[in-house]
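Each remark here refers to the structure printed beneath this line.
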Amino acid sequence: MSTTLRIVEVLGAQLSLGGRCAGTADGPRAIRAAGLSKRLGAMRDLGDLVARDAARLPGRDPGAAVCTEVERFSLELRAAVEAILARGALPCILGGDHSLGAATQAAVGRVARRRGWAPPGLIWIDAHTDSNTMATTPSGNLHGMMLAAIHGLEVPPFRRVVEGGLRDPRRTVYVGARDIDEEERAIVENLGCRVITPEEIRQRGPLAVAEEALVLAGAADGRLSVSFDLDCLDPSIAPGVDCHVDGGLAWPETATMLTRIGQHAGVLAVEIVEVNPSMDREGRTARLAVEAAGLLCGCTACARLAPSI
Ligand SMILES: [Mn+2]
């Protein structure tokens, strides 16, 4: 893999339709206000894409209005991420609820396919595995389904976005997962994804876990993308998220993993998602989001060594 200097391009996604709380659409603003540009250096900030309002139905089906707008927004975001990749830059996508991951990860998969590469791997740092379908979801929230779609399962609002599946589940590694629904667990196991819990991270140490994640996700050609959901962290240190799940990661072990992953030359795209400033306390979660972005983008003076794409 040849290497070249690559600038970071930041794009916000003002999206909350896939989650539980409208405040998540304000995540990109909060992350910028917490010092993102200073942390990243001379990155290019492309501003935000904004989802339109849509009325969500209660229950396990969010309804046609939400599904239609999530599909429209996802196709717009997917095109924007592909344009960043086409410029040879590193996309750093700010959320926004995690349903935006369908677009980011589909963009990476489509670019890889066009260039004749294997589907890139995925390191998914999250309390959740986001692998329900409309048939299994207990909540009806699309942010818990987008990865099933990316791995090729049928989830109608993401059908056009993921084109039957654009990533290889055997190269997907979950880090920090601890809140997995029963039927969802069977889906993840059948797909062959690797799930690393906070307990395992504590037993083996964060560096060993990061190394394993990079080996699995980077299998074949070393190319991968990273999605960082702030709810991977313990709610005591990151209260500003949509879904609080106790027993989460501490910051020092997380920083060790993100530093190692951010040093990997094969990282093609980074997502920082689920920051909900309406639940935050004194901007703590937004500041951790900024630090996570800085570590994952591997930034020293705005550029990093990266594969030529
Ligand atoms: Mn999550």
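Read-outs: derived from the displayed coordinates by stated rules, not from any lab. All values derive from a computational prediction rather than experimental measurement. Cβ placement follows ideal geometry from the backbone for every residue including glycine, while neighbour counts extend to all protein chains displayed.
Listed residues G63, G96, G41, G101; which is touching a Leu at 6+ places or on another chain (Cβ under 6 Å) and either acidic (D, E) or closer than 29 Å to L249 by Cα (or both)?
On the way: G63 fails: either acidic (D, E) or closer than 29 Å to L249 by Cα (or both); G41 fails: touching a Leu at 6+ places or on another chain (Cβ under 6 Å); G101 fails: touching a Leu at 6+ places or on another chain (Cβ under 6 Å).
Just one listed residue meets the conditions, G96.
Applying the criterion of being in contact with a Phe, Trp or Tyr (Cβ under 9 Å, 6 or more places away or on another chain) and either of a type in the set (V, I, T) or away from the ligand (no atom under 16 Å from the Cβ) (or both) to the residues of segment 221-248, the residue that is farthest from H98 (Cα to Cα) is D221. In segment 249-298, the residue that is farthest from the ligand (Cβ to nearest atom) out of those that are among the acidic types (D, E) and surrounded by fewer than 22 Cβ atoms within 10 Å (Cβ to Cβ) is E282.
Counting the residues of segment 118-167 that are under 16 Å from the mean Cα position of the chain (by Cα) and either more than 15 Å from the ligand (Cβ to nearest atom) or aliphatic (A, V, I, L, M) (or both) gives 19. Within segment 22-60, how many residues are loosely packed, with under 14 Cβ neighbours inside 10 Å and either touching a His at 6+ places or on another chain (Cβ under 9 Å) or acidic (D, E) (or both)? So the count comes out to 1.
Would you say G59 is out of contact with any Phe, Trp or Tyr (no Cβ under 7 Å at 6 or more places or on another chain) and under 24 Å from V267 (Cβ atoms)? Can you show your working first?
On the way: out of contact with any Phe, Trp or Tyr (no Cβ under 7 Å at 6 or more places or on another chain): yes; under 24 Å from V267 (Cβ atoms): no.
Against the criterion (out of contact with any Phe, Trp or Tyr (no Cβ under 7 Å at 6 or more places or on another chain) and under 24 Å from V267 (Cβ atoms)), G59 does not qualify.
Could you run through segment 261-299 and say how many residues are within 20 Å of L224 (Cβ to Cβ) and in contact with an Asp or Glu (Cβ under 7 Å, 6 or more places away or on another chain)?
As a first pass, look at segment 261-299 and keep what is within 20 Å of L224 (Cβ to Cβ): 261-273, 292-299.
Add one more test, that the residue is in contact with an Asp or Glu (Cβ under 7 Å, 6 or more places away or on another chain), and what stays is 273.
Matching residues across segment 261-299 total 1.
In segment 147-155, is there at least one residue being among the small types (G, A, S) and either loosely packed, with under 15 Cβ neighbours inside 10 Å or under 18 Å from M257 (Cβ atoms) (or both)? The answer is no; no qualifying residue exists.
What do you reckon, is S74 more than 24 Å from I31 (Cα to Cα), hydroxyl-bearing (S, T, Y), surrounded by 24 or more Cβ atoms within 10 Å (Cβ to Cβ) and in contact with a helix residue (DSSP H, G or I) (Cβ under 9 Å, 6 or more places away or on another chain)?
Numbers: more than 24 Å from I31 (Cα to Cα): no; hydroxyl-bearing (S, T, Y): yes; surrounded by 24 or more Cβ atoms within 10 Å (Cβ to Cβ): yes; in contact with a helix residue (DSSP H, G or I) (Cβ under 9 Å, 6 or more places away or on another chain): yes.
When the stated conditions are applied, S74 does not pass them.
In segment 192-309, which strands (runs of 3 or more DSSP E) lie fully inside it and hold 2 or more residues that are touching a residue at least 40 places away in the same chain (Cβ under 8 Å)? I'd like the intermediate steps shown before the answer.
Values: elements: 194-196, 224-229, 267-273, 303-307.
Strands (runs of 3 or more DSSP E) meeting the threshold: 224-229, 267-273, 303-307.
Would you check if A177 is out of contact with any helix residue (DSSP H, G or I) (no Cβ under 7 Å at 6 or more places or on another chain) and touching a residue at least 40 places away in the same chain (Cβ under 8 Å)? Talk me through it step by step, then tell me what you get.
On the way: out of contact with any helix residue (DSSP H, G or I) (no Cβ under 7 Å at 6 or more places or on another chain): yes; touching a residue at least 40 places away in the same chain (Cβ under 8 Å): yes.
Yes.
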